[in-house]
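A short reminder: the numbers here are calculations on the coordinates, not readings from a lab. Remember, predicted model here, so these are calculated numbers, not experimental data. In this analysis, Cβ positions are derived from the backbone assuming ideal geometry, glycine residues included, and neighbour counts consider all displayed protein chains.
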Amino acid sequence: MSTTEFPQYDPKTAAGLEGPADAAGGIAKFLQIEHVEVGPGLLHARVPVRDELLTPFRNLHGGVLAALCDHVLGTVLYPVIPRGAWAATTEFKINYLAAVTAGVLDARATIISLTKRTAVVRIEVENEGRLACAAQGTVLVVQPKPS
């Protein structure tokens, strides 16, 4: 994607999102999500696979992948929606494709449709070069209240 496809793209907002996503705490901090690249209509995030994220059977819990997908699903929008607007996931579907036991999760979110009120985002999460899951979701874009 390019800035011509997202003329409202704000590089300052994008730059502010890069790095660890733990400023607000919560799930992003617990998962240790790091935003590696933020651009017009795209977000690349990483999560290290750690023991506390594994099931008793030593596989990554599917909820970790779902939480990562939900996080990038909304976050990818902030550089391309008006300042003061916010994004709320309304639904997403996830397909788990391969078990994860170690390494790093690489999530890439891409905006495939954006209107004033909604967006559709696709996400692929790889683990050590193998596709671990694919997801797609819809996000409600709540416009800022006039001052």
From the phi of every residue in segment 86-95, what ³J(HN,Hα) in whole Hz does the Karplus formula 6.51 cos²θ - 1.76 cosθ + 1.60 yield, where θ is phi - 60° and glycine or proline is x? 9, 10, 10, 5, 9, 6, 7, 10, 10, 10
3J(HN,Hα) from dihedral phi, segment 32-45, Karplus parametrisation 6.51/-1.76/1.60, rounded to Hz, x for glycine, proline: 6, 5, 10, 8, 7, 9, 10, x, x, x, 9, 8, 10, 10
Quick one: P(r) of the chain from all Cα-Cα pairs, 5 Å bins, percents rounded to integers, in order of increasing distance. 2, 10, 20, 22, 20, 13, 7, 4, 1, 0, 0
Which of the GluC sites (Glu not before Pro) found in segment 2-59 are in a DSSP loop and have at most 12 neighbouring Cβ atoms, other than their own, within 10 Å? Glu5
In segment 50-100, which chymotrypsin sites (Phe, Trp or Tyr not before Pro) fall in coil by DSSP and have 12 or fewer other Cβ atoms within 10 Å? Phe57
Which number gives the lysine pairs in the chain that have C-alpha atoms under 28 Å apart and are eight or more places apart or on different chains? 6
Grab the Cα-Cα distance for Ala99 and Asp22, subtract it from 0.36 nm times how many residues apart they are, and report the gain in nm with one decimal. 25.1 nm
Hey, fewest Cβ within 10 Å first, where do Leu97, Leu73, Leu17, Leu60 land in order? Leu97, Leu17, Leu60, Leu73
Stretch gain in nm, segment Arg58-Ser147, where the contour uses 0.36 nm per residue and the Cα spacing is subtracted: 26.9 nm
